[in-house]
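Structure first, commentary second.
The values are calculated or read from the model by the stated rules, or taken from the named source; none is laboratory data. Computed from a predicted model, the values in this text were never measured in an experiment. Here the Cβ is made from the backbone with ideal geometry for all residues, glycine too, and neighbour counts use every protein chain on show. These area figures cover heavy atoms from the full protein model, side chains too; ligands, DNA and RNA do not enter into them. Shrake-Rupley method; radii C 1.70, N 1.55, O 1.52, S 1.80 Å.
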Amino acid sequence: QVQLVESGGGLVQAGGSLRLSCAASGRTFSSYVMGWFSQSRGKERDFVAAIMWSDVNTYYADSVKGRFTISRDNAKNTLYLQMNSLKPEETAVYYCAAKILRIWTPNPRDYDYWGQGTQVTVSS
């Protein structure tokens, strides 16, 4: 079992930055694929970024490439998402997720564990 707790959300002006954190419990954290997803009100959950267990390969949605950076610290069992140059349309609840099978996928249905989410609001 893995439990995930996100933090770091908040209100920021357009063009600003936020750093999200996801604290994970569970001794096998380092073997999972970890991802970040966003969900705006009334919309489906969208893939934002993912990182492989080895921390070598990262994947991003086209819309965030060059602005967002995903990273992980296996020693601290923590996943991060650095978000720069934020846009108002990126206002959403951001979720951390873990996937047992070590194959990257952007499909949220393939992820096995989810946090409760943290609200990010970007004002114009």
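Please calculate how many Å² of accessible area the chain carries per residue, with a 1.4 Å probe and no DNA, RNA or ligand atoms counted.
Counting only protein heavy atoms, the per-residue value for the chain is 53 Å².
For the range 1-72, what % of the accessible area comes from carbon and sulfur atoms, probe 1.4 Å?
45
Rounded to a whole number, what is D in µm²/s for the range 67-118 from Stokes-Einstein with the Kirkwood radius over alpha-carbon pairs (25 °C, 0.890 mPa s)?
Translational D for this selection: 192 µm²/s.
What trypsin sites (Lys or Arg not before Pro) in the range 81-123 are in a loop by DSSP, with at most 12 other Cβ atoms within 10 Å of the Cβ?
Sparse-neighbourhood loop trypsin sites (Lys or Arg not before Pro): Arg102.
According to a simple spin-label model (label point 7 Å from Cα along Cα-to-Cβ), what is the distance in nm between Ser40 and Trp104?
Here the modelled spin labels are 2.5 nm apart.
Please give me the summed charge of the neighbours of Arg41: other residues whose Cβ is under 14 Å from its Cβ, Lys and Arg +1, Asp and Glu -1.
-2
Using alpha carbons only, how many angstrom separate the centre of the range 9-23 from the centre of the range 95-116?
Their Cα centres are 21 Å away from one another.
With unit charges on the beta carbon (Lys/Arg positive, Asp/Glu negative), name the residue among Trp114, Ala75, Pro88 whose Cα is farthest towards the positive pole of the charge dipole of the range 64-124.
Ala75
Using only the Cα atoms, work out Rg/Rh for the range 30-124, with Rh taken as the Kirkwood radius, to two decimals.
Rg divided by Rh gives 0.94.
Relative to the Cα centre, what is the charge dipole magnitude of the chain, using +1 at the beta carbon of each Lys and Arg, -1 at the beta carbon of each Asp and Glu, and rounding to the nearest 20 debye?
So the dipole magnitude of the chain works out to roughly 100 debye.
Show which aspartates and glutamates lie in cross-link reach of Lys65 when reach means a straight Cα distance below 18 angstrom and same-chain residues fewer than eight apart are skipped.
Partners within reach: Asp46, Asp55, Glu89, Glu90.
How long are the three semi-axes of the equivalent ellipsoid for the range 57-97, computed from the Cα gyration tensor as the root of 5 times each eigenvalue, in whole Å, largest first?
20, 12, 9
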